[in-house]
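Everything below concerns the one structure shown next.
The values are calculated or read from the model by the stated rules, or taken from the named source; none is laboratory data. From a predicted model like this one, the values you see are computed outputs, not experimental measurements. Neighbour counts are summed over all protein chains in view; Cβ atoms, including those assigned to glycine, are modelled from backbone coordinates with ideal geometry.
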């Protein structure tokens, strides 16, 4: 199944790219270099890259839609859209260090190029910058800053839980879902509602859109976990089975491990092996997750979350073209392309 | 020379400790554990530690004085005082990772106990928390948040420059002073003025106190650099000569290296050795910094900055007892105890 990227995502990139580049331009030279590289605004030699930055600009697209949902022109949403994208990139910079990831968006991660210290600082700077640009725009920028900050705390809580899970072998599915809700869904919920808040729209619209974003974000994370096991390398950009090879406790794996089935117990034994898994064993583990019901259960859950998201969307009062664009993005990010 | 800690510092600790503990209590369990350990609120097993936290509470003391300077009761300054202290600890958590420091306040640094990832997250959480508690207190909390955020950006810029200097051997004294101004003085300037802003005091008072804090903070950093070379281990908590042994480009060293003297050139040769320095060589390097005029020059500079600080203090309109307490703290933190 192939799903085309909604046009609004590219538009969002064109609209918020200059604001992000402008904000990053305020940083001191040493920090700016690292941030610009991470954001795809410059190469590793500091030379500007044309094309307006890396990444899919999904969150800016949602933030701009959120402004339009409240009846305002998308241009008015550039600041909150840029702020959400800065926070997203703060978390990517830091997560790549914590997770030891060496590649992102088909280039070496910032910490591998500039060192851990410089990448920590660049992340810190983007987080502070996101707050700065919102607080410069009172009165509603202040409320937007508080909502964004609440999402940041949940994002940190989720990543903290994720790190803690690595050292535990008794993680339950509910805990995983809470973690994904914090780590992924909270910022999506914020992106979908921050525009309403920023232009002084209605609280009920902001809350419906926050619900939409939370459910769509959770569905997105569940699908991402499924793709981490069954996704084609061409789409995920990772080798087949990479999550299982890394013994990552993604939701389908935890569902299988806690399924009280023979396959689940065999999977637990296999993953408890001290040695690295062979390619055959990765294949076995993949089959065991499926046999234990991990795939089906999480597919069902991802579908249910998408349905809940669309339910929240249906109840909200907004222009129909905006509603359709929100729905298209939710379907795009939760499409199972394998 | 021995200087007694001003009484206001202990009072500040008693007054802001509960607010800091309360704010940290909002964090998710995994992140909270690390933050509480770093702040001295809990030991490495998560058991509460009595006594209200580690650190000298200098910045909270300055923030509370700043509230009193504007004619308000110190209790009204608890929130900005806690916010400044949270930012200070955000930077300590991250700096310890970047600098590879394994000990702080006579205990192992957080990253050595909980891992780099957990310590990055705890720092992130404290930074976001500082903004949260200010933004919860409109209208002036918003202005205070913006001032604090500006200080955070300078702090990041200073640490970024410091990291960049490690890879350069042509650093000039002026660059070092700019770096220290960003890394140390900016947050002190913020601490000294944030209380005025938070209680809606006069802009001219805030600016005078910001100037006081900037000069006192720079003097403090210069004295810290001097203590890093000539300070007694009992006072600095580090072995004699540790900064030279680590070939740290502190201001006295850079002053010596750029002095165009024979001693300066001999120092450059010695520090360019690929091997670790022997104890005798550390002693030689110490003597060379002094012979090249590095000690005298920086002592003069530190004195001049303290005098400028006291000048800013003298011109500001505030109760005399508050002025005296500000002066006592400036003299305490810039005392050369060796």
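I need the full set of residues from the range A:167-190 which are more than 9 Å from chain B (Cβ to nearest Cβ) and within 20 Å of residue A:94 (Cβ to Cβ), in order please. Within the range A:167-190, A:167, A:179, A:180, A:181, A:183, A:184, A:185, A:186, A:187, A:188, A:190 qualify. Within the range A:39-50, residues that are farther than 17 Å from residue A:106 by Cβ have Cβ atoms under 6 Å from residues that are crowded, with 18+ Cβ neighbours inside 10 Å and at pLDDT 90 or above in these pairs: A:46/A:33; A:48/A:42, counting only partners at least 6 apart in sequence or on another chain.
Within the option set A:34, A:78, A:49, being away from every other protein chain (no Cβ under 14 Å) and either under 28 Å from residue A:137 (Cβ atoms) or crowded, with 22+ Cβ neighbours inside 10 Å (or both) holds for one residue only, A:78.
Filtering B:271, B:288 for residues that are modelled with pLDDT of 95 or more, surrounded by 17 or more Cβ atoms within 10 Å (Cβ to Cβ) and more than 30 Å from residue B:189 (Cα to Cα) leaves a single hit, B:288. Inside the range A:134-161, residues that are more than 7 Å from chain B (Cβ to nearest Cβ) and either under 12 Å from residue A:87 (Cα atoms) or in a helix (DSSP H, G or I) (or both) make up a count of 12. Against the list (1) crowded, with 17+ Cβ neighbours inside 10 Å; (2) in a loop (DSSP other than H, G, I, E, B); (3) without any contact (Cβ under 8 Å) to a residue 12 or more places away in the chain, the condition residue B:72 fails is (3). Go through the residues of the range A:92-108 one by one and say whether even a single one is more than 13 Å from chain B (Cβ to nearest Cβ), without any contact (Cβ under 8 Å) to a residue 24 or more places away in the chain, more than 25 Å from residue A:149 (Cα to Cα) and in a helix (DSSP H, G or I). No, there is no match, as no residue in the range A:92-108 is more than 13 Å from chain B (Cβ to nearest Cβ), without any contact (Cβ under 8 Å) to a residue 24 or more places away in the chain, more than 25 Å from residue A:149 (Cα to Cα) and in a helix (DSSP H, G or I).
Scan the range A:193-224 for residues that are closer than 12 Å to residue A:140 by Cα and buried (at least 24 other Cβ atoms within 10 Å of the Cβ) and jot them down. Listed by number, the residues that qualify are A:194, A:195, A:196, A:197, A:198. Number of residues in the range A:17-27 that are facing chain B (nearest Cβ under 10 Å) and either crowded, with 21+ Cβ neighbours inside 10 Å or part of a helix (DSSP H, G or I) (or both) equals 1.
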